[in-house]
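The values are calculated or read from the model by the stated rules, or taken from the named source; none is laboratory data. This one's a predicted model, so the numbers in the text were calculated from it and none came from an experiment. All Cβ positions, even for glycine, are placed from backbone atoms using ideal geometry, and neighbour counts span all protein chains on display. Side chains are part of the model used for accessible areas, which takes the heavy atoms of the whole protein and leaves out ligands, DNA and RNA. Shrake-Rupley method; radii C 1.70, N 1.55, O 1.52, S 1.80 Å.
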Amino acid sequence: RSISPSNGSMPRSARRASVVAAIVAAVVMGSCRGSLSRAPEPEVRPPGARDTLRTDTIAGDTAFPLMPGPGRVIRGARIRVALVPGAPSAGITGSGRWTILDRDGLTAAVAGSGERWTVAARSGRLRAIREDDGWSISLSAPAVLRAIADGTRLSVGPREYRGELVVHVDGDALTVVNRLAIEDYLRGVVPLEIGERAESERAAVEAQAIAARSYAYSHLVPTRRFDVRATVDDQVYGGVNAERPLADAAVAATAGQVLRYEDRIADAPYHSTCGGSTAEPGEVWNGERGAPYLKRVSDRIPGTDRYYCDPSPRFQWTRTMGGDDMAAAVTRYLRGRGSRATLGTVRGVRIESWTASGRVGTLVLESSSGEDVRLRGNEIRYALRPAGGELLNSTYFSVERGGSRGGEREFVLRGRGYGHGIGMCQWGAIGRARAGQDAATILRTYYPGTSVGIVQ
């Protein structure tokens, strides 16, 4: 059912009075769940919180001032994480009682502990359905799903989240956003990004917490519905299910600490394994100018032929691709970018240029259609992705001609590293922590010219 008054000609003030009267009557009569009640007062937020955020840029990177003041980031800001972008529906449960608030802040329904609900997009409106009896309401989005009691957690599918959920609707698609404190968000990010580590590697976990916090603050965008995605597109976030004691301790020990460059919060990209040397943005992101602190850094252990990141399972790797499979992957990639090119099969592969860190700058594929295809920088990783498979590990590779299989030529890619190679090497950070380096030293190494500061 809809909670909107049926008389569309009633003035807004009169409609609000009618609703308030219904609320009072419901409370007095002790009405059952689902009746209207007044929503809790909105959280009081300090001046300068996210709504009034002013952004500045340094060398093309979004960054924010560290010092408090009007329109500036303050410690304790909240972040909005897209959990379910563009889906027709999502399943919601709660560990305790929770409410569905309409766009005006009124409670449209109260859900009991453990009840299963489905929220679905229907022609621009949001329908919430209680699964045990099919009872439903229809309301205008965005809607807020909020716990009533402290300690209650809301779940989307199998994952449980701190904070509250905001549901936006576009036509027949909805986006579920988790809105929560950045410090709570980091508890669900750090263990997924750096992995479950030993106490002896704690410095790497603390470095990861600071880098992830810096990334979070530098990606707050108040003009959008959400700030980051819960995937590798931004930072992998798993909510309460992902939290681990060592990562929690690292987040708490570094609370409010961010990377600073010239008194601003630095955007801090990172990756799994550099393979021996990190890269500058222009080497990987098609000529993009990077911030001054994103420089090439050698990961070699001084006085040895080893590297801090060589314990990584992807420090060295090999991938063999047949000419047909390679052509299919690249054709699929090009068509996704609007091209109608069809390669047929790949007959030859050559590296036309290298970057300063030894990565592939330009890769040329010679096809049976007679058309050469040039791929540059990080797009190589996407273009050589098999159907349903992973991206190419990195652009730090060489190419050899292999044998043939059923008349199809094969090409062998021998490479090092995993990820784009820019900023902190996570396995390098682990190796440095094992060698006794602290978090600040690790961060200064991978982001030259930065220092660790506190968000006020």
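Side notes on the structure shown:
- Taking a point 7 Å from the Cα of D305 along the Cα-to-Cβ direction, the residues of region 268-293 with backbone N closer than 19 Å to it are 275-277.
- With all protein chains in place and ligands, DNA and RNA left out, the 1.4 Å accessible area ranks L334, L101 as L334, L101, largest first.
- Diffusion coefficient, µm² s⁻¹, Stokes-Einstein with Kirkwood Rh over alpha-carbon pairs of region 307-456 at 10 °C and 1.306 mPa s: 93
- Whole-number accessible area per residue in Å² for region 389-456, which is evaluated in the context of all protein chains at 1.4 Å: 38
- Surface accessible to a 1.4 Å probe, S95 within the full protein complex, Å²: 60
- Estimated inter-spin distance, E390 and S339, nm [label 7 Å along Cα→Cβ]: 2.5
- When the Cα atoms of region 350-409 are aligned to their principal axes, the ranges along those axes come out at 38, 27, 21 Å in descending order.
- Model label points for E288 and Q316, set 7 angstrom from Cα along the Cα-to-Cβ axis, are 3.1 nm apart.
- For G361, the residues whose amide H sits under 5 Å from its own are S353, W354, T355, ignoring neighbours fewer than 5 places away on the same chain, with H placed 1.01 Å from N.
- Toward the positive end of the charge dipole of region 121-216, with +1 on the Cβ of Lys and Arg and -1 on the Cβ of Asp and Glu, the farthest Cα among I137, T175, A216 is that of I137.
- Kirkwood hydrodynamic radius (C-alpha pairs) into Stokes-Einstein, region 270-389, 10 °C and 1.306 mPa s, D in µm²/s: 99
- Carbon/sulfur fraction of accessible area - region 195-352, other protein chains in place, 1.4 Å, %: 44
- Descending Cα extents along the principal axes, region 125-272, whole Å: 53, 32, 28
- Principal axis dimensions, largest first and in whole angstrom, of region 232-319 by Cα: 37, 33, 31
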